[in-house]
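To start, the structure under review is shown below, and the notes come after it.
The values are calculated or read from the model by the stated rules, or taken from the named source; none is laboratory data. These numbers come from a predicted model, not from an experiment. Here Cβ is always computed from backbone atoms with ideal geometry, including for glycine, and neighbour counts include all displayed protein chains. In case anyone asks, the SASA skips ligands and DNA or RNA and just uses the protein heavy atoms, side chains included. Shrake-Rupley method; radii C 1.70, N 1.55, O 1.52, S 1.80 Å.
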Amino acid sequence: MSTREAVARETPAIDATSVSVERLAGDGPETDGGSDMKVSFQTMTDTPAPPGLREVARISGVSLATASRALGQHESVSDDIRLRVRAVADSIGYVANMSAQALRSKRNAVAVIVDDITTASVAAMVTAMQTAGRADGTLVLVSGTSAIAQRTLHALRVFRGLNPRAIVMVSGGVDAEADLREIGLELADYAAGGGRVVVLEPTPWLQFPSVGLSQEALARTLTNHMTSLGRRRAIVLAGSANHVAFAARARTFVRELEDSGISPEHISVLHSSNDRAGAESAVRSAIATQAEPTMILAASDALAIGAMRALRDLGIEVPRQIAVGGIDDSPMSQDVFPGLTTVRQPFDSIGREALRLAVSADVTEATHIELRGELVVRASA
């Protein structure tokens with residue numbers, strides 16, 4: 001019986017209805033700088049899905065990683081194994097992902113994982129990275145994960161399969177220790193294979209080259225300005241409790257307010273979703289149930305603007321009755337009335353520096369670039 005006939009008899013029909021991403025665990029050293037991945041797109045029709053690399057590996061009697069390297073003409077695979085795997089692939093009609101292979105060979109791509117690409121701050125950072133990337137021939141790939149841990153891991157593993165030159169984590173919304181540990185281990189494994197990792201929010205589980213701003217310094221700058229106005233009752237809009245950056249800002253707000261002599265009983269911390277609607281709802285409820293504050297410190301411009309909308313609808317004047325301040329200096333902070341007092345973050349510079357760390361040779365794990373925020377005083381406070 002010929003090899004082709006034997007393969008045909010052994011090959012089962014494939015009928016699946018999902019999308020799966022699988023890590024190809026190897027049986028030998030990786031020499032191409034990262035783990036291989038298989039992304040299998042399967043349809044909801046009655047048409048059998050095309051055979052995948054797992055079938056090639058099973059029938060060939062080798063591991064998934066070895067099958068991948070054999071089909072990729074990797075020098076670590078012997079001629080006998082390469083020929084056997086190639087024969088099996090041809091027999092069952094397996095077609096390699098040529099775009100992924102091309103990306104592996106060039107290693108000119110930087111993958112960026114963000115919480116929400118639609119936010120002004122993230123969009124500014126990513127735009128700056130893409131602009132800088134075009135100047136030096138680097139392709140910037142972006143995936144938004146909505147700060148959901150499993151989506152972050154999914155995006156990370158798919159990107160690892162493409163073996164980019166670097167992965168940049170612009171994600172601060174995942175904070176569960178178990179999730180951060182898993183993400184950190186995945187990134188460490190990628191880095192150990194020769195990939196570069198850059199983060200914007202270093203944590204005990206994400207110790208890699210980093211660029212960003214001190215969240216405490218941003219919050220301290222806003223608090224110092226707000227307390228200088230003589231206001232003595234405060235609402236702190238903290239956003240979601242699981243957002244790392246927002247949580248750091250909220251803690252600093254409270255600490256600095258207390259250090260300025262404001263009694264803890266005159267400080268109310270409100271949690272909500274991280275958008276204007278969430279902040280608006282939280283402020284409406286707070287105004288209806290407690291003593292009216294004289295200032296609102298928000299962990300972001302979006303939260304501050306949501307608060308201002310609630311105050312306007314309640315007939316409360318900003319800043320005469322309540323002063324409002326935020327952090328970011330997003331474009332919308334200039335368009336609202338009254339203009340929002342905020343702390344500007346240099347998002348363009350953060351994006352450019354993140355890309356520079358991703359592609360530069362002289363970078364160590366301890367490399368950190370810290371930029372500074374700037375107080376922008378407008379009519380709201």
Exercise. Do any residues in the range 246-274 that are closer than 14 Å to Thr221 by Cβ have Cβ atoms under 6 Å from those of residues that are of a type in the set (Gly, Ala, Ser) and in a strand (DSSP E or B), where the two are at least six apart or on different chains, and which pairs are they?
Worked result: Leu257/Ala234
For this session: Might you let me know whether the range 233-248 holds any residue that is within 18 Å of Val318 (Cβ to Cβ), open to solvent by 30 Å² or more (accessible area, probe 1.4 Å) and modelled with pLDDT of 95 or more?
Result: yes
Exercise. For the range 122-219, list the strands (runs of 3 or more DSSP E) that sit wholly inside it and hold at least 3 residues that are open to solvent by 10 Å² or more (accessible area, probe 1.4 Å); which are they?
Worked result: 139-144
Exercise. Applying the selection to the range 313-329, what residues are open to solvent by 10 Å² or more (accessible area, probe 1.4 Å) and either within 14 Å of Leu303 (Cβ to Cβ) or not small (Gly, Ala, Ser) (or both)?
Worked result: Asp313, Leu314, Ile316, Glu317, Val318, Pro319, Arg320, Gln321, Asp328, Asp329
Exercise. Does any residue in the range 350-367 that is touching a residue at least 12 places away in the same chain (Cβ under 8 Å) come within less than 8 Å, Cβ to Cβ, of a residue that is crowded, with 16+ Cβ neighbours inside 10 Å and of a type in the set (D, E, K, R) six or more places away or on a different chain, and which pairs are these?
Worked result: Leu357/Arg196; Ala358/Arg165; Ala358/Arg196; Val359/Arg165; Val359/Arg196; Val363/Arg196
Exercise. Are any of the residues in the range 56-68 part of a loop (DSSP other than H, G, I, E, B), under 32 Å from the mean Cα position of the chain (by Cα) and at pLDDT below 80?
Worked result: no
For this session: Select from the range 258-284 the residues that are out of contact with any Leu (no Cβ under 8 Å at 6 or more places or on another chain) and assigned to a helix (DSSP H, G or I) and list them in ascending order.
Result: Glu258, Asp259, Pro264, Glu265, His266, Ala277, Glu280, Ser281
Exercise. Here are Asn224, Asn242: which of them is within 24 Å of Ala298 (Cα to Cα) and not in a helix (DSSP H, G or I)?
Worked result: Asn242
Exercise. Taking the condition within 26 Å of Glu177 (Cα to Cα), buried (at least 24 other Cβ atoms within 10 Å of the Cβ), at pLDDT 95 or above and touching a strand residue (DSSP E or B) at 6+ places or on another chain (Cβ under 8 Å), does Ala279 pass?
Worked result: no
Exercise. Out of all the residues in the range 306-335, which are in a loop (DSSP other than H, G, I, E, B) and under 19 Å from Pro293 (Cα atoms)?
Worked result: Leu314, Gly315, Ile316, Glu317, Val318, Pro319, Arg320, Gln321, Ile322
Exercise. Of all residues in the range 330-342, how many are under 22 Å from the mean Cα position of the chain (by Cα) and crowded, with 23+ Cβ neighbours inside 10 Å?
Worked result: 1
Problem set entry | Subset of the range 343-364 (residues that are open to solvent by 40 Å² or more (accessible area, probe 1.4 Å) and within 20 Å of Leu237 (Cα to Cα)) | Arg344
For this session: Sort out which residues of the range 227-239 are farther than 11 Å from Thr294 by Cα and part of a loop (DSSP other than H, G, I, E, B), and write them in order of number.
Result: Ser228
Exercise. Would you call Ser272 at pLDDT 95 or above, more than 30 Å from Ile369 (Cα to Cα), open to solvent by less than 30 Å² (accessible area, probe 1.4 Å) and under 22 Å from the mean Cα position of the chain (by Cα)?
Worked result: yes
Exercise. Right, Ile235: of a type in the set (Val, Ile, Thr) and in contact with a Pro (Cβ under 7 Å, 6 or more places away or on another chain) or not?
Worked result: yes
For this session: Name every residue in the range 285-321 that is of a type in the set (S, T, N, Q) and in contact with an Asp or Glu (Cβ under 9 Å, 6 or more places away or on another chain), in order of residue number.
Result: Ser300, Gln321
